[in-house]
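The block underneath contains the structure these notes are about, expressed in C-alpha cells.
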Number of protein chains: 4
Amino acid sequence: MSVPHEGDLVLLVSADRKRYLIRLKHGDQWFSHRGSITHDEIIGQPLGRTLYTQHGYAYLALEPSTHDLLHDMPRASQIVYGKDAAQIVLRLSLYPGRTVIEAGTGSAGLTFVLARTVMPSGHIYSYETRPDSFEIARKNLDDLGLLPYVTLYNEDITGGFHERDVDALFLDVREPWVFLDHAWAALKGSGFFGALVPTTNQVSTLLEGLEDLPFGDISVEEVLVRPYKPVPARLRPEDRMIAHSAFLVFARKIAAGDASLSWMPEKKRRAYLGKQAMAQRDAERDA
Amino acid sequence: MSVPHEGDLVLLVSADRKRYLIRLKHGDQWFSHRGSITHDEIIGQPLGRTLYTQHGYAYLALEPSTHDLLHDMPRASQIVYGKDAAQIVLRLSLYPGRTVIEAGTGSAGLTFVLARTVMPSGHIYSYETRPDSFEIARKNLDDLGLLPYVTLYNEDITGGFHERDVDALFLDVREPWVFLDHAWAALKGSGFFGALVPTTNQVSTLLEGLEDLPFGDISVEEVLVRPYKPVPARLRPEDRMIAHSAFLVFARKIAAGDASLSWMPEKKRRAYLGKQAMAQRDAERDA
Amino acid sequence: MSVPHEGDLVLLVSADRKRYLIRLKHGDQWFSHRGSITHDEIIGQPLGRTLYTQHGYAYLALEPSTHDLLHDMPRASQIVYGKDAAQIVLRLSLYPGRTVIEAGTGSAGLTFVLARTVMPSGHIYSYETRPDSFEIARKNLDDLGLLPYVTLYNEDITGGFHERDVDALFLDVREPWVFLDHAWAALKGSGFFGALVPTTNQVSTLLEGLEDLPFGDISVEEVLVRPYKPVPARLRPEDRMIAHSAFLVFARKIAAGDASLSWMPEKKRRAYLGKQAMAQRDAERDA
Amino acid sequence: MSVPHEGDLVLLVSADRKRYLIRLKHGDQWFSHRGSITHDEIIGQPLGRTLYTQHGYAYLALEPSTHDLLHDMPRASQIVYGKDAAQIVLRLSLYPGRTVIEAGTGSAGLTFVLARTVMPSGHIYSYETRPDSFEIARKNLDDLGLLPYVTLYNEDITGGFHERDVDALFLDVREPWVFLDHAWAALKGSGFFGALVPTTNQVSTLLEGLEDLPFGDISVEEVLVRPYKPVPARLRPEDRMIAHSAFLVFARKIAAGDASLSWMPEKKRRAYLGKQAMAQRDAERDA
C-alpha cells in the first residue's frame, strides 16, 4: 500500500508524535484542533508525505503498521499489547497455514494479529460470550478485511470447542483453568497451548490445572518493552514505561497415556495414576 | 506435523528441561549420557509422547516451535533472540505477501523467522559478505524448506541493493548508518526501516544518520523477557535472565521533497535545506 | 582507612575484575594461581595502590565497601543482596540512633548493614533459631567490629520479641505472617515493618496477614540493578543480570482502636469489628 | 518520634494513598478538598492513628520516612530518587563518621540522605553555584535539623574543592568529567567516587575521563524499582513504573604512580605513560 485508495486506513503522525488512524473517503475531512486535512489530499497519492493543515501544522501520512492497527482498534475492553501479541505468535509457533482456537475474542485485537499471521491458508476459530464484544470484533475484523480467515462464535466455551486437532489454542479469559480439559481435547498431539492472565494468583491456579492434565514443557514469562527517547546526543530511556500487562503461560499437549505422566511432579503423578498402576509401570520398566 | 516423517526435525525435552533438536532418519539412534532412543520409535508415530532410553530416562518428543528452531540453529555467529525477532516482525508490519530486504544474513536466524512470516506469496532478499556465513545460511534455510522464499546474495552492500519498492528493510550490520542512503532508495514510500545494534554509541550514530535523511517516526526500544519458575505453590521469577541482546531502532521512509523535512529536528532541517529554500517555503505556506 | 593495620580487611581486585577479601596479618601471604602477595606489602601503606605477584600479575588494594563486605561475607545460607539491603534501609527509615528488631539473623548479612547504619547510638536486636547460623553471625559481626551495636538471640520467635517500642522490625523468615502479632506488639506506634520473601505466594499470604491486623500504608516492590559494561566507545548493559532475589513488603503499625480499621479493606474491617460496633461508629461519626 | 511536637513534620496518608507532609503548629489547620484537620489533634498524641475531617474522610498520621521526606522536599529542580540515593549510600560505603563532598547541592535531596547517614560524627561538604538552589537547600536542611552536619558552599567548583582526604565524593552536575582532576585531588587514597548522569552519552564521556586519570574499579549501573498492587488475591505489578531516572557511575581513586596505570585500558596507558617509561617499568618488573 504505497498508494492508498478510498476505504483504506491511513495513519497521520503529528510532529509531537501523536497518532491518528483514519479511513479514507472521497470528500471527507479529518479535523483536529490544529486545523483540517482533506482525504482527497491522500487518496491516490504516495504515502510517506507530509501534509499541512490550513494553519500550517504538519502531519506525516503513513501506512499503518500491525502495531498501529492493534493499538488504535475500537474496543469494548482492554486490547492485548503488541509486545505480548508478538511473543504469543512466536511461542505458539504460528505462520501461514496454521489453525488456532482463541477464547475470548474480546475486541479482536489478538484475533487480528493471529489472522494476519496464518492467512491465507490457515484459520482462526474465536469464541466470545458477550454479544457486544462479538459485534465489535466482527466489525473490526471486517474493516481489516480479515473475516475470511476467522470463524467467530458468539458462544460459551463451558461445553467445549467445535474443532479438533488444531495446531494451537490460546485462552484470554478470567479463569482459563476451567477450560483446560476442553483445550486438551481440541489440540493436536504436541499442540501449542497458551494463556494470558494479569495476576500471579491466576498464574499459580493455571499452573496447578496444567499439572493435573497431560500438558508438558510448561513455561511462564513476561515481556517488557523499554522505549528510549530517540535523541542522538542525549540518548536515554523514557522516564516511564508500561511495567505490566499480563503474564504469558505456555504448554504443550502430551499424550494421555501413562508415559506422559512422567512430566507431572511426582506427587501429582502418583495421585493421578494410583499406586497400583504406578507400581505396575515401574515393574515393567525395570524388567 | 502431528506425525513426523523421515527428514523432519523433532525436539526431545528431558525432565530437567534440556532441549535437543534431531532430524529423523530410519535406522538412526539419538545418543545421550543417559542412554539412546531410536529414530524409528518417533517416525510415523504421534508426537507429544514420552520416550524412554534403555536406562529408563524420559524424553518428551515434540514438534519444534519457531522459537526452538531459531535457538537451536547451527550458527557461525550470534543468532538474533526470539524476543527480538518477534518484535521486529511486529514493528516492520510483516505478514504473508510482504517483501523484505535484510543485511547481513549471518546464519539466517532472522531470515528464517522473516521467511516463515511472509511466505508463500512474499519474499526475503538477504545479503551477506562472508562466504562461510552465506554457506551456513543457505544450508539452514534449505534444511527448513524455506529457500523458495529467500534470495540469498553473497555480496557487499556498499554498492546498494538490487531491489526497489520493498515493504521493509532490516540491517543487522556493524555500521548500519553507512547504508542508509541505499536503504532509503530500496524502500517503498512509507516503507518500514529497522536495525539492530548492541551498543548505545551505535544507537546514537544511527539516529544521527536517520535524521540526516528523509526518515520519520523514529523509535528506539529494547525487549526484555522475564522468565518465571513454573511452580504453582512457589511462583517466582528465575534468578537470572538475559539482560541485554540489542537495541532495536525503527523508522519510516518519507518523501525526499521539502515537506518531509519538517520531520527533522529544526537545526538539521535548516542545514539540509538552506536558509533560502526554507524562507521560500515559509512564505508559500503563510501566503 | 587510607592506611590499613594488622587485623583490617582489605580488598584485592584483579585486572579481570575478580575480588578477594583478606584480613591482614604480619608475615602472612595471599596466594592465588597467579602468584602471591605478602600482607606486609599492604600493612601500614596507603591503599589505592597496585601490587604485583612475583609473576607480574597486578592486583589493586582497596578499602572494601559495605557492598564488598556484604557480598564476601562467610555464610551458612543465602545473604541478602546489596540492592535489597539498601532499599530496606531507605524504606525502614534507618539512621544513627534507631532501634531495629530483625529475624532471622542468618549469617548476619543484613544485620551488618543495619548495625552500620544505626550505630553508634542505635541498636539491632536480631533473632536466629539455628545454632550454626547464630555462631556464624556472631563471628561475622565480631570480625567487623559491630557486636557492640547488636544483641544476638539464639531463640525462636514464636513466643514473641523481648523488646517494645522499636522504630523498625524486619522479618526474613519463611513464614513471616505467623509472627505479625508479635511484630505489631514490639513496634512503636507508626513504626516501620518490613519483610523479604522470594515467592509471589508468600507475598499474597503476608498481605492477607497484614490486612487482618492494624497495619497500614502497605506496599510491595522489587529492586532490580542493571549493570553496564563500562566501555566508553561500546557502552551496553551486561548480557545477563540478577533477575530476582526477593519481594520486599513494607507496612506501618497503626493504632489498634476502631479508627485504624478504616485502613483495612471494607470486607475484612466489617468481619473484624462486627456489624454492631461498625454501626455504632458510623452513627457517632454522622452525629 | 512516636509522639510529635510542635515543629515536627508529620505525614498524612489518605485512603486512596495520597501523601501530605505537614509541619505541626499549635492552632493551625490542614485543609483539603475533603475537609480539614487541626494540628492540635496531632501534637502530643501518638502517631499511627487515623484522623477524620469534619466530612468523615480518614487520614492516617504517620512519622514520615526518609523516603517520604526526600520525595516531598521543596525543590528548585529534579530531586534524586530514593532508589538511587539508597544505592549511592551503599556503593560509596557511607555510614556514621564518613566525610563526603557533593556537587551540586541542588535542593539538597541527596544531601539530606547523605547527612542523615554520616551524622553525628561525619560531615558533608556540598557545593552549589546557583544562589536560588543554595537558599532552598539551606532552608530544607535547616527544616530537617541537619545543618550541623553539612557545610554548604555557594561556589563554583571549577577551581577545585576546599577539602582533602575525604572518604567519598559525588557529582550530580551536567558535565562531571570536567571536574575529575579536582575530584581525584580531594579524595583519600582508595576513596569512593560516584556520579549521576541521565544520558548514555554522558556515561561514555565520563568513562573516558575516568580512564584518563588514576581511577580504578569503575562500574556503571541503573536501579529499577518495580512496585506491585498490594492486593493479596490479585497480586500483580503496577501498570506503569519509573523506567529511568539516571545512570550511576562509580570508581575508586588509585595512586598516581605508574603502578596504578595498569588499571587503564592498554592503549590509554601507553599514551599516558609514554613508550619509554613503559619499557623501563617492564624491564624493572622482569628483572
With criteria (1) part of a loop (DSSP other than H, G, I, E, B); (2) facing chain C (nearest Cβ under 8 Å); (3) open to solvent by 10 Å² or more (accessible area, probe 1.4 Å), D:Ser93 comes up short on (3)
With the structure loaded, tell me whether D:Ser2 is among the hydroxyl-bearing types (Ser, Thr, Tyr) and within 12 Å of another protein chain (Cβ to nearest Cβ) or whether it fails that test. yes
Residues in region B:24-35 that are at pLDDT 95 or above, out of contact with any Pro (no Cβ under 7 Å at 6 or more places or on another chain) and not aromatic (Phe, Trp, Tyr): how many? 5
Note on region A:46-68: residues closer than 26 Å to B:Tyr95 by Cα and not in a loop (DSSP other than H, G, I, E, B) are A:Arg49, A:Leu60, A:Ala61, A:Leu62, A:Thr66, A:His67, A:Asp68
Filter result for the condition that a residue is touching a residue at least 60 places away in the same chain (Cβ under 8 Å) and either farther than 18 Å from A:Leu141 by Cα or within 13 Å of another protein chain (Cβ to nearest Cβ) (or both), over A:Val100, A:Val113, A:Val13, A:Val80: A:Val80
Under 6 Å between Cβ atoms, which residue pairs at least 6 apart in sequence (or on different chains) link something in region D:172-194 that is over 16 Å from D:Ser219 (Cβ atoms) with a partner that is part of a helix (DSSP H, G or I) and open to solvent by less than 10 Å² (accessible area, probe 1.4 Å)? D:Trp177/D:Leu206
May I ask you to verify whether A:Leu69 is touching a strand residue (DSSP E or B) at 6+ places or on another chain (Cβ under 8 Å) and open to solvent by less than 40 Å² (accessible area, probe 1.4 Å)? yes
Residue among B:Glu238, B:Glu211 that is within 11 Å of chain A (Cβ to nearest Cβ) and closer than 20 Å to A:Asp84 by Cα: B:Glu238
For strands (runs of 3 or more DSSP E) lying entirely in region A:115-196, having 2 or more residues that are open to solvent by less than 10 Å² (accessible area, probe 1.4 Å) picks out A:123-127, A:166-171
Residue ID - modelled with the highest pLDDT, chosen from residues in region C:251-263 that are open to solvent by less than 10 Å² (accessible area, probe 1.4 Å) and hydrophobic (A, V, I, L, M, F, W, C): C:Ala251
In this structure, does B:Ala255 turn out to be farther than 21 Å from B:Val173 by Cα, more than 10 Å from chain C (Cβ to nearest Cβ) and in contact (Cβ under 8 Å) with a residue 40 or more places away in the chain? yes
Answer yes or no: is there a residue in region A:202-225 that is open to solvent by 40 Å² or more (accessible area, probe 1.4 Å), farther than 24 Å from D:Arg226 by Cα and without any contact (Cβ under 8 Å) to a residue 12 or more places away in the chain. no
Name the residues in region D:188-208 that are at the interface with another protein chain (Cβ under 7 Å from one of its Cβ atoms), touching a helix residue (DSSP H, G or I) at 6+ places or on another chain (Cβ under 7 Å) and among the aliphatic types (A, V, I, L, M), would you? D:Leu207
So D:Glu135 clears everything in (1) within 14 Å of chain C (Cβ to nearest Cβ); (2) more than 19 Å from D:Leu187 (Cβ to Cβ); (3) not aromatic (Phe, Trp, Tyr) except one condition, right? Which one? (1)
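Return the residue satisfying two criteria in turn: it lies in region B:30-45 and is within 23 Å of B:Ser2 (Cβ to Cβ) and part of a strand (DSSP E or B), and of such residues it is nearest to the chain's Cα centre (by Cα).
Checked region B:30-45; the qualifying residue nearest to the chain's Cα centre (by Cα) is B:Trp30.
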Between A:Leu12, A:Leu51, which is in contact with an Asp or Glu (Cβ under 6 Å, 6 or more places away or on another chain), open to solvent by less than 20 Å² (accessible area, probe 1.4 Å) and under 18 Å from B:Asp217 (Cα atoms)? A:Leu51
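The values are calculated or read from the model by the stated rules, or taken from the named source; none is laboratory data. Note that the coordinates shown come from a computational prediction; the quantities given were computed from them, not determined experimentally. Positions of Cβ are generated from backbone atoms using ideal geometry, with glycine treated the same way; all protein chains shown enter the neighbour counts. For the accessible areas, the whole protein counts, side chains as well, though only heavy atoms, and no ligand, DNA or RNA atoms are used. Shrake-Rupley method; radii C 1.70, N 1.55, O 1.52, S 1.80 Å.
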